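No value in this document is a laboratory result; all are computed from the given coordinates. Only a predicted model underlies this, so the values are computations on that prediction, with no experimental measurement involved. Please note: Cβ atoms are built from the backbone with ideal geometry, for glycine as well, and neighbour counts cover all protein chains shown.
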Amino acid sequence: MASPASSASLKNYAIVTLAYWGFTLTDGALRMLVLLYFNEIGYTPIQIAFLFLFYEVFGIVTNFLGGWIGSQLGLKVTLYSGIGLQVFALIMLSFLNRDWAQWFAVLYVMTSQAFSGIAKDLTKMSSKSAIRLVVPQEAQSSLFKWVAVLTGSKNALKGVGFFLGAALLGAFGFVTSLWIMAIGLILILFTGVMLPSGMGKIKAKVKFTQLFSKSREINILSAARFFLFGSRDVWFVVGLPVFLRSVLGWSFYQAGGFLACWVIGYGIIQFLAPTLLRRFGNGEPPNSKTIQFWTGLLTAVPASIALAMQLNAPPDVAIVIGLMLFGIVFAFNSAVHSYLVLAFTDDDKVALNVGFYYMANSGGRLIGTVLSGLIYQLYGLVGCLWVSSLFVLAAWTISLKLPDPQPSKALAWKAGDGD
């Protein structure tokens, strides 16, 4: 029979997970809604990329400062502040007027996306940190598995959000879709009254200099992460959706549904990757050679898709098969990366090192987003794919400098799945 404390922890876990799920759905939907809508009304790929510029820039800042903010104000405050900011961003965007001068409209959308970027990383940081506090005490030994339930579902739900955004745009139009999502998040905000106040708040002050990682391993891994996620977004964020709509002539539902299925599949593979690596490997936790193998393998995938398209293979076949392979190999890369950041981190520096690591992740997404629009406009999707391959090659080269984790830390791999 569960103790009252255990029941309360399960309730809090469910509330935090619900809040994160709700936000993730709107985050994916908003990305697809903005991308498809502005492509439809005639914006160029580079203009669309700039719409997301502040989203990524402020995501970097929020990742860097998020852990410190949460420790000072409490995770409940930062979690629901993130959701509230997303509501504000959605409503703000709904007042966009197509009669405005284009430069002002772009600036207006960029500003709304800045609020959305802050909201996304406040919510992500708060949810992942809160899980450690709300998991029942008797389940602490399998904490990673509890985290995997939250984070493994995140990518799948973001994929559902992609389809949701495309479907809402097709069924209700731009403005009504934004209000539907805002109302849904407002309902989720009311769940905040059921969480304990002061969750995650500490009295000790963290010096600003402590926000910078001093670990050589974390710095190397973060640099590799920068190029790894840049390699995905340089063709996935702007180039691929615009190609599907403009070149292949796919509908909102086809483009959104395809990208949604890819992200859902990616999330499933990422969730299963630790189990698959243990089952089909030597049973030992991943080390530096593991990430070097998977990154080296990934280098060939975007290059192969680019070559196939240049050799006049059917573009829809090359894209569908190539993207499936990219998603599988990329998911293994991401899973091993996320394990290694924990394996290289001391217990008393988890929050600071993980925050630094995800800041590099956001930096890669930023450069990938900007280049996705720029390279696509200049050289098409094939150009984006070649740049993607170069980025993965850079990540592989950097990963060659990684040492193996210490055995005492590597045992954490057997506790469950990392994000």
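Worth a mention:
- Exposure proxy order (Cβ contacts within 10 Å, fewest to most) of TYR37, TYR266, TYR253, TYR20: TYR253, TYR37, TYR266, TYR20
- Simple label model, 7 Å out from Cα along Cβ direction - PHE104 to THR176, nm: 2.8
- Neighbour-count ranking [beta-carbon atoms within 10 angstrom, fewest first] of LYS154, LYS120: LYS154, LYS120
- Over 23 Å (Cα to Cα) - which of LYS11/LYS124; LYS124/LYS158; LYS11/LYS76; LYS120/LYS401; LYS154/LYS289; LYS158/LYS401 fall in this group: LYS120/LYS401; LYS154/LYS289; LYS158/LYS401
- Residue-wise HN-Hα coupling along region 369-376, computed from phi with Karplus coefficients 6.51, -1.76, 1.60 (Hz; x: Gly, Pro): 5, 5, 5, 4, x, 5, 5, 5
- Sorting GLU217, GLU40 by the number of Cβ atoms found within 10 Å of their own Cβ, with the fewest placed first, yields GLU40, GLU217.
- Largest-first principal axis extents, alpha carbons of region 212-414, Å: 53, 36, 29
- The protection proxy used here, the mean number of other Cβ atoms lying within 10 Å of each residue, ranks peptides 82-94, 234-246 as follows, highest first: 234-246, 82-94.
- Coupling constants for region 101-115 follow from the phi torsions by the Karplus curve (6.51 cos²θ - 1.76 cosθ + 1.60, θ = phi - 60°), and in residue order they are 4, 4, 4, 6, 4, 4, 4, 5, 5, 4, 5, 5, 5, 4, 4 Hz; glycine and proline get x.
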